[in-house]
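Take a look at the structure below.
The values are calculated or read from the model by the stated rules, or taken from the named source; none is laboratory data. Being a predicted model, the structure only gives us computed values, none of them experimental. We place every Cβ from the backbone using ideal geometry, glycine too, and count neighbours over all the protein chains shown. These accessible areas exclude ligands, DNA and RNA; they are computed on the full protein's heavy atoms, side chains included. Shrake-Rupley method; radii C 1.70, N 1.55, O 1.52, S 1.80 Å.
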Amino acid sequence: MATAQPNLILSGLARKLIQDGFLDEPTALDAVANAQKNKVNLVSYLVENNFADSKSIAVAASVEFGVPLFDVNAIDFEQIATSSVSESLIKKHHAIPLFKRGKRLYVGVSDPTNLSALDEFKFHSGLTTEAVLLEESKLTSLIDKIIEEKESEDMGNFGDDAFDDLDLETVDEDANKEDDDSAADEAPIVRFVNKILLDAIKKGASDLHFEPYEKRYRVRFRIDGILSEVASPPINLSVRIAARLKVMSRLDISEKRVPQDGRIKLKLSKTKSIDFRVSTLPTLFGEKIVMRILDSAAAQLGIDVLGYEEEQKKLFMEAIHKPQGMVLVTGPTGSGKTVSLYTAVNIINTVETNISTAEDPVEINLEGVNQVNVNPKQGLTFASALRSFLRQDPDIVLVGEIRDLETAEIAIKAAQTGHLVLSTLHTNSAPETITRMINMGVPAFNIATSVNLVIAQRLARRLCDNCKNEVKLPKDIYLEAGFKPEEIGTFKNYEPVGCDKCTNGYKGRVGVYQVMKFSAAMGQILMEGGNALDIANQAEKEGVDDLHRSALRKVMQGVTSLEEVSRVTQH
């Protein structure tokens with residue numbers, strides 16, 4: 001039920017929607033308040049939350065403000081005046097310059113009250129600006145298309161031979177820098193490797209696998225968490241492909257008996273570069289090479305796009321703004337733990353805080369954060385790095401992973417002495433994280449007095465909005481999947497289809513979370529010798545969604561499919 005917001009003033013558009021019967025006044029007041037809180041315009045908020053459809057809002061806004069309603073289909077995509085302003089401005093204001101007539105720039109908006117967009121576009125273009133109304137859904141699609149086109153153009157500048165002259169840098173200062181061009185720098189091999197790297201970047205892959213077998217050689221990409229084969233070059237090229245990749249990574253190409261680690265930095269332009277972390281492994285039939293694409297943009301995503309529910313986000317924000325205590329993130333490899341921790345660090349990274357991190361390895365450089373690459377071979381372990389941090393006046397400490405009792409004890413000591421500690425463990429659920437620390441040998445009273453929040457997470461593939469298809473299933477299947485009887489029939493269930501804009505019906509991923517505030521009651525259970533099941537039961541009593549329940553919410557929101565929920569949560 002909507003709660004009235006008497007201190008807010010309704011805009012002309014909101015009043016018009018009330019007058020036309022799309023909203024009642026309390027709902028309109030709530031919508032205005034939430035739009036302001038989420039820093040989005042009112043039209044975007046109304047459409048995203050299904051208060052009214054795009055066309056109805058556009059018609060109402062056109063009548064209310066006397067702004068012409070424009071048909072997107074009449075726009076010549078090639079002639080759109082995006083060169084007038086930057087891509088960042090288009091994203092920031094959710095508006096797009098459509099065309100110029102003399103010294104006048106016509107700007108497509110879904111909210112005619114978006115005067116800041118008109119003013120800023122006017123400042124940057126030097127032209128007089130005038131608003132033109134577009135339906136919200138069509139405006140969003142047009143902006144996505146323009147941005148995708150711009151990115152494709154940026155990538156399109158790098159053809160099959162484009163990587164030949166790129167500036168290849170390594171950040172591994174200790175690696176052997178001896179190149180053997182005679183073994184690796186052959187034109188066909190160079191072109192093949194370059195094309196594979198370019199395809200991986202274009203397709204949004206997270207990892208590349210180069211794998212030699214007895215009778216074949218294959219290349220696989222991991223896209224949205226799923227591996228798929230993309231190429232199968234002749235097996236007799238395996239040694240030369242491996243040599244080429246090792247030359248690019250500044251690794252020793254003569255050493256094939258032990259694993260090696262390196263990095264590649266590809267500078268695509270003055271402002272754009274891509275980093276790869278490279279790992280070689282001697283196998284029975286040659287060296288397997290895995291490359292991880294390090295996406296610095298992922299660390300800047302912000303909390304709102306990671307997939308947290310409102311209550312979960314509130315608990316997360318409260319925990320990372322506390323002056324002391326521990327926040328633990330848990331999940332298998334590739335579940336997005338690093339992105340969650342980097343997001344937290346970016347939120348609390350201010351000039352007033354001293355933040356130090358110990359990582360294995362440091363994947364993405366964070367401005368203003370003291371990052372340490374642990375090196376156990378040289379004696380620089382998580383524990384020794386953590387000890388050094390505590391002598392350097394820290395406010396916030398990030399430990400890449402708590403692997404042993406020594407690291408756990410130092411981290412807890414730091415959390416109890418006025419520092420905020422962020423770290424990860426490998427467990428299947430939030431309650432199991434607590435018992436894992438007990439099994440390591442950490443006393444129960446230390447855990448009870450230091451842990452503030454535990455987050456278990458997974459990554460589920462997002463359904464492609466362009467092709468997902470609504471499907472109706474029998475009630476028994478919904479009940480078996482874990483839905484409550486009263487929820488059945490209140491949402492639309494979608495299945496993947498597949499189109500040229502996605503991979504097998506999915507595009508991108510969304511986080512699925514169990515966010516458990518470690519309460520006094522849980523501490524009492526732990527002190528009395530309780531196990532993970534006892535803590536899980538208490539968490540359920542306190543309203544904490546487990547991973548499966550959280551995933552089902554994404555199904556009800558139309559974000560993912562039941563099939564994907566089953567895969568991710570093993571339900």
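Just how large is the dipole of the chain about the Cα centre, in debye to the nearest 20, putting +1 at every Lys and Arg Cβ and -1 at every Asp and Glu Cβ?
For this selection, approximately 220 debye.
Run the accessible area of the chain with a 1.4 Å probe and give the carbon-and-sulfur part as a rounded percent.
Result for the chain: 48 percent of the exposed heavy-atom area is carbon or sulfur.
Using +1 at the C-beta of Lys and Arg and -1 at the C-beta of Asp and Glu, which of Gly204, His548, Asn346 has the Cα lying farthest in the positive direction of the dipole of the chain?
Final value for the positive-end residue is His548.
Once phi is turned into θ = phi - 60°, what whole-Hz ³J(HN,Hα) does the Karplus curve with 6.51, -1.76 and 1.60 give for every residue of the range 545-551, x standing for Gly and Pro?
Result, rounded to whole Hz: 6, 7, 4, 5, 5, 4, 5.
Rank Leu29, Asn373, Pro234 by how far each Cα sits towards the positive end of the charge dipole of the chain (+1 on Lys, Arg Cβ; -1 on Asp, Glu Cβ) and give me just the farthest.
It is Pro234.
Given a 1.4 Å probe and the protein chains all in place, what does the accessible area of Glu25 round to, in Å² to the nearest 10?
90 Å²
Just the number please: accessible area per residue for the range 313-367, 1.4 Å probe, all protein chains included, in Å².
40 Å²
Can you list residues whose amide H is under 5 Å from Val451's amide H, if they're 5+ apart or on another chain and H is modeled 1.01 Å from N?
Those lying under 5 Å, H to H, from Val451 are Met326.
What are the ³J(HN,Hα) values, in whole Hz, obtained from phi via the Karplus relation 6.51 cos²θ - 1.76 cosθ + 1.60 with θ = phi - 60°, for each residue of the range 510-523 in sequence order, with x given for Gly and Pro?
Whole-Hz 3J(HN,Hα) from phi for the range 510-523: 9, x, 10, 10, 10, 10, 10, 6, 7, 8, 4, 5, 5, x.
Based on the Cα atoms of the range 231-320, what semi-axes does the equivalent ellipsoid have, where each is the square root of 5 times one gyration tensor eigenvalue, given in whole Å with the largest first?
Semi-axes from the Cα gyration tensor: 38, 16, 13 Å.
Per the Cauchy relation, a quarter of the hull surface: what is the mean projected area of the convex hull of the alpha carbons in the range 380-506, in nm²?
If you wrap the Cα atoms of the range 380-506 in a convex hull and average its projections, you get 12.5 nm².
So what are the ³J(HN,Hα) numbers for the range 60-73, from phi and the Karplus equation (6.51, -1.76, 1.60; θ = phi - 60°), rounded to whole Hz, Gly and Pro as x?
The phi angles translate into 4, 5, 4, 5, 5, 9, x, 9, x, 8, 9, 8, 4, 5 Hz.
If DNA, RNA and ligands are ignored and the probe is 1.4 Å, what is the ranking of Phe445, Phe51, Phe276 by accessible area, most exposed first?
Phe445, Phe51, Phe276
Protein chains only, probe 1.4 Å: how do Ser228, Ser450 rank by accessible area, largest first?
In descending accessible area the options line up as Ser228, Ser450.
Whenever you get a sec, line up Tyr213, Tyr513 from highest to lowest accessible area (probe 1.4 Å, protein heavy atoms).
The most accessible residue leads, giving Tyr213, Tyr513.
Where both residues lie in the chain, what percent of DSSP beta bridges are antiparallel, nearest 5?
DSSP beta bridges in the chain are roughly 65 percent antiparallel.
Would you mind getting me the FRET efficiency between Ser141 and Asn349? Use the beta-carbon distance for r and R0 = 45 Å, nearest 0.05.
0.85
Can you pull the accessible area of Ile18 for me, 1.4 Å probe, Å² to the nearest 10?
Looks like 50 Å² after rounding.
Of the peptides 121-127, 503-509, 408-414, how do they stack up when ordered by the mean number of other Cβ atoms within 10 Å, highest first?
Averaged packing, sorted descending, gives the order 408-414, 503-509, 121-127.
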